[in-house]
Amino acid sequence: MAYKYIDNYREQGARKKLVELLKVKGIEDEEVLKAIGKVPRHFFFDETFWNQAYRDIAFPIGEGQTISQPYTVAYQTQLLHIKKGDKVLEIGTGCGYQTCILLELGAKVYTIERQEKLYERTIQVLPRMGYKPEFFLGDGSKGIANQAPYDKIIVTAGAPTVPDVLLSQLNIGGILVIPVGDESTQKMVTVLKVGENDYEKIVLDTFRFVPLVGEKAW
Ligand code: SAH
């Protein structure tokens, strides 16, 4: 796909309006809003669909997968409480939009995708946009043990349960954000690791994600 990396006034204006909309919808974290205001989401779309890029909707990205809805990206990111330098594992790279938001917040990002075609596309696109996470191809439902521990883990696909193995790869004080439910809807779950075997779990709002497919998932 021939991408044209042009961020013109029309797209910048649409992006500002998206940020305003996310505020109205309840996103309060200024740093997260700033990041959404910065990342050119239309770069992930074919030019034909640029008029869709700043609507608050998910959109197909190929291989039966979607670029997450901006509200969902902002919601999950806000729950992670990213500090500059945090080591973050992202499970479900997809097109890499969420990855860019995490990088804008100053995180060091390890991101894993199971679908080779998406992986191949994203490892080309992100560096061209100036975003440089560590990319991995494989089943992220097991985490990435040889890069652990992480300060934060974000799962961007819906899981049947919270995989224990992900909790074991968190630092004390670390946070896991993961949508958990059945194939049609999931509740957002955050787990704070307070001690080696001590966790505080909070169940939040309902969302609809594509399934997390793997050994510790569907
Ligand atoms: N983060 C993306 C959303 C991608 S949708 C964004 O910003 O738009 C979820 C992604 O998770 C899909 O690309 C899907 O292929 C991937 N996925 C599903 N199960 C996975 C697994 N076990 N390991 C890694 N990636 C997985």
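The values are calculated or read from the model by the stated rules, or taken from the named source; none is laboratory data. Model, not experiment: these values are computed from the prediction. Cβ sites come from the backbone with ideal geometry, for glycine too, and all protein chains shown count toward neighbours. Side chains included, ligands, DNA and RNA excluded: accessible areas come from the protein's heavy atoms. Shrake-Rupley method; radii C 1.70, N 1.55, O 1.52, S 1.80 Å.
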- Karplus couplings for the stretch 10-20 from phi (6.51 cos²θ - 1.76 cosθ + 1.60, θ = phi - 60°), rounded to Hz, Gly and Pro as x? 4, 5, 4, x, 5, 5, 4, 5, 4, 4, 4
- Using 1/(1 + (r/R0)^6) with R0 = 30 angstrom and r between the beta carbons of residue 165 and residue 203, what's the FRET efficiency to the nearest 0.05? 0.90
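What dipole magnitude, in Debye to the nearest 20, does the chain give about its Cα centre under +1 on Lys/Arg Cβ and -1 on Asp/Glu Cβ?
On the way: 27 positive and 28 negative charges, 126 e Å.
So the magnitude is around 600 debye.
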- Item | Counting DSSP beta bridges with both ends in the stretch 1-139, the antiparallel % (nearest 5) | 25 percent
- Message: Amide H of residue 174 versus every other amide H placed in the peptide plane: which residues, excluding those fewer than 5 positions away on the same chain, fall under 5 Å?
- Response: 193
- Once both labels are modelled 7 Å past Cα along the beta-carbon direction, what's the residue 52-residue 129 spacing in nm? 1.7 nm
- Query: Order of 90-97, 170-177, 114-121 by packing, highest average Cβ count within 10 Å first?
  - Reply: 90-97, 170-177, 114-121
- Put +1 on the Cβ of every Lys and Arg and -1 on every Asp and Glu Cβ in the stretch 90-218; which of 179, 195, 156 then has its Cα farthest towards the positive end of the dipole? 156
- Message: Order 61-70, 42-51, 99-108 from most to least packed using the mean count of other Cβ atoms within 10 Å.
- Response: 99-108, 61-70, 42-51
- Mind checking the full-extension length gain between residue 137 and residue 34? Use 0.36 nm per residue of separation minus the Cα-Cα distance, one decimal, nm. 34.1 nm
- Message: Nearest 500 deg cm²/dmol is fine: what mean residue ellipticity at 222 nm does the chain get from its DSSP H runs of n ≥ 4 alone, each adding -39,500 (n - 2.57), divided by its residue count?
- Response: -8500 deg cm²/dmol
- Task: Work out the FRET efficiency for residue 213 and residue 17 from their Cβ-Cβ distance, taking R0 = 35 Å, and round it to the nearest 0.05.
- Result: 0.50
- Please give the net charge around residue 37, taking every other residue with its beta carbon less than 9 angstrom from that of residue 37, where Lys and Arg add +1 and Asp and Glu add -1. +4
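Taking all protein chains in place and a 1.4 Å probe, what share, in percent, of the accessible surface of the stretch 22-153 do carbon and sulfur account for?
Working: 2680 of 5610 Å².
C and S atoms contribute 48 percent here.
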- Task: Please tell me which of these pairs span more than 24 angstrom C-alpha to C-alpha: 34/108; 132/152; 16/117; 23/201; 23/83?
- Result: 16/117; 23/201
- Query: What is the stretch 61-218's relative contact order, in percent, from Cα pairs under 8 angstrom and six or more apart in sequence?
  - Reply: 20 percent
- Volume per residue, Å³, of the convex hull around the alpha-carbon atoms of the chain? 111 Å³
